[in-house]
Amino acid sequence: MAIEKMKFVSACSDKEHLDTMLLTAMKTGLLQPEIATNIINDDNHGSVISTENPYQDYLQTLKNIARAVGCDLHIKENVTSKYTTDEIEAYIKELNEEFGLDMDSQNEVLSPDDEKALQALSELSFERIHSCEYLNFGFGRLPMDSFKKLSLYREEMFVLHRLYSTQQYVWLVYVTSDTYAGKTAKIFESLFFEPMQIPNFDIHERVEQCRLKMVDMYSYCVRQSSICNMYPYVAILDQKHILSGFMKASDVETYQAAFKNQPVDFRVKEPSEVSELHCPTLLKNSWFFRPFELFIEMYGLPAYDDFDPTVFIGITYCILFGIMFGDLGQGLVLVILGFLLEKKGKLFGIVGRVGITSSIFGFLFGSVFGYESLLNPIHQSLFGVRDKLFEVMSSDSTMILLIGAIAIGGVLILVTMVMNMWNRARKKQWAEFFFSQNGVAGFVFYGFIIVAAVMLMVMKISLLKPVFVVPFIVVPILCFMMKEAFAEKFEGHPLKPEGGWGNYFVMNFFEAFEILLSFVTNSMSYLRVGGFVLSHAGMMLVVMTLVKMTGNAGIAVAIFGNIFVMALEGLIVGIQTLRLEYYEMFSRYYNGGGTKYQAYTADQAE
């Protein structure tokens, strides 16, 4: 239940060593850089680097050329070569002219069948074909039906060579003399021949000759593009180039060590020293509670100076889910599936953990895959009961479940109030601490209502007397109504509202009434806990009834019935439990508003 400690780290270098510093910072993958415009201000007279990134276009062009000629580009680990922008543009132009590509559009990529036919044609040597002065060559594909008709024409007009074929087409090359070139072309045209250009050279051989330089230049452009993408994070102060950002406190020494033998100076600060910047949040929890960070991220991460509610949501979510989905057998299935698939995502980790509490409550309810009497002997031995510890479907248990659900809700509401008061006191927000519905006033009011209800039900003693009502009900309600006025007073403003006391009390009366109504609705919302216990037991009762009715097919019905209930009920209970967490608990003590810590890496720079 903690937030990872962070540090604000600034690395300073001169212009000559700037690029090396940026590359090193990227390779560490430890820093979340702060945009330079957030660092500079009128006081420090800083500036930013206003350089465009031309390498992004070069990268895309090189990729297009490589794709068109079938060259596989990869990034070299160590780039030692250097190229000017003029050299890069000149080489790109050379490649386009060399391979006959259009610089303004991507060349059409040949199909695999076309490639195979060209490969076969290359054995005749493209250079030798183009060097013939009195012979005409035609290369392309014919439909298979048309190819069969070629035998009807005079063979002495042309000679053909079959290169490659499929069920639909035949790729071929024909040779004819200048005398019959026109007639031969018309014959093939009438047979729906699709001509293709014969390359001036073997493109695959030439690609291999160009591959090393293409890869080297591509790798250089990737590196330079990454550096250019880092420039917006560099602030220039007193002719020094500074890269600043947040990182885990435990990584500071590792980060500094990465710049060994480089002329780089460091300055490390606490996030509180740069309060004008928004420090990112990284949750830090134990193995068991780590998957529940998913729910925190869905709602909104806590601010860095706030607290992490992951452990609380993990405990309460497991308990509430376990009560509503109480079945020993189905719970164990969730445990097995959840832990087996945990590496695929945090959601599976949550499934495995709620399966544990589902198994525990399923054991207490005496339910195993819907068989309600299977655990009776164990209950009788352990708890000394007649049948089993708790019969969910008994008519006597309904009120116990519903009252128990409201009691659980009451306890959780009081606990969240305490958490809110602790958080408000820590931030010195005293108006919220004392006078809000989730502060001292709300705790006194709601706590008294709970105690009064218990005393009336258990001991038949009524506490609704003036001596108790005035301090525990009337005063808290007045605090609700006066909260805004007191908040203004704590901030040094006059206590009297601008619109006058009459207008103030009229407006805040309705707000106080809404607060009182919310206490009722929030408490009643927890009735769903008891309701879903009955719902789950009722659905399994239907399954067991069908099992008895189907005779020999009962085993199959039991299996598919349990699968259906686990899928449907598990989804509904999971959503309803999350609703209780978000709307009935989070709204009382948690604000969110944090941003996730994401270290900048070379992959992001690309």
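Could you grab me the full set of residues in region 23-45 that are in a loop (DSSP other than H, G, I, E, B) and not aliphatic (A, V, I, L, M)?
Hits for region 23-45 are G29, E34, N41, D42, D43, N44, H45.
State yes or no: is I65 touching a residue at least 60 places away in the same chain (Cβ under 8 Å), under 30 Å from T310 (Cα atoms), among the aliphatic types (A, V, I, L, M) and open to solvent by less than 30 Å² (accessible area, probe 1.4 Å)?
no
Read through the list (1) open to solvent by less than 50 Å² (accessible area, probe 1.4 Å); (2) out of contact with any Leu (no Cβ under 8 Å at 6 or more places or on another chain); (3) over 15 Å from V222 (Cβ atoms), then give the number of the only condition that E89 fails.
Going through (1) open to solvent by less than 50 Å² (accessible area, probe 1.4 Å); (2) out of contact with any Leu (no Cβ under 8 Å at 6 or more places or on another chain); (3) over 15 Å from V222 (Cβ atoms) one by one, E89 breaks only (1).
Would you mention how many residues in region 517-538 are open to solvent by 50 Å² or more (accessible area, probe 1.4 Å), among the hydrophobic types (A, V, I, L, M, F, W, C) and touching a helix residue (DSSP H, G or I) at 6+ places or on another chain (Cβ under 9 Å)?
2
Can you name the helices (runs of 4 or more DSSP H) wholly within region 339-448 that have at least 1 residues being within 30 Å of L546 (Cβ to Cβ) and open to solvent by less than 50 Å² (accessible area, probe 1.4 Å)?
346-365, 376-383, 395-426
Which members of region 13-39 meet the condition of being open to solvent by 40 Å² or more (accessible area, probe 1.4 Å) and either touching a Leu at 6+ places or on another chain (Cβ under 8 Å) or more than 28 Å from E253 (Cα to Cα) (or both)?
Within region 13-39, N38 is the sole residue that qualifies.
Restricting the search to region 518-532, which residues are over 13 Å from V565 (Cα atoms) and of a type outside the set (S, T, Y)?
The answer is F519, V520, N522, M524, L527, R528, V529, G530, G531.
Please enumerate the residues belonging to region 563-583 that are over 14 Å from F321 (Cβ atoms) and open to solvent by less than 10 Å² (accessible area, probe 1.4 Å).
V565
Determine which single condition N200 fails, assuming it passes every other condition in (1) open to solvent by 40 Å² or more (accessible area, probe 1.4 Å); (2) at pLDDT 85 or above; (3) among the polar types (S, T, N, Q); (4) over 48 Å from the mean Cα position of the chain (by Cα).
(2)
Confirm whether I461 is under 23 Å from L412 (Cβ atoms) and either modelled with pLDDT under 85 or in contact with a helix residue (DSSP H, G or I) (Cβ under 6 Å, 6 or more places away or on another chain) (or both).
no
Quick test for you: out of F139, F147, pick the one residue that is more than 51 Å from the chain's Cα centre (by Cα) and assigned to a strand (DSSP E or B).
F139 is the lone residue from the list that is more than 51 Å from the chain's Cα centre (by Cα) and assigned to a strand (DSSP E or B).
The values are calculated or read from the model by the stated rules, or taken from the named source; none is laboratory data. What you see is a predicted model; the values in this text were computed from it and never measured. Because the Cβ atoms are built from the backbone with ideal geometry, glycine has one as well, and the counts that use them run over all protein chains shown. Please note that ligands, DNA and RNA were not included when accessible areas were found on the heavy atoms of the full protein model with its side chains. Shrake-Rupley method; radii C 1.70, N 1.55, O 1.52, S 1.80 Å.
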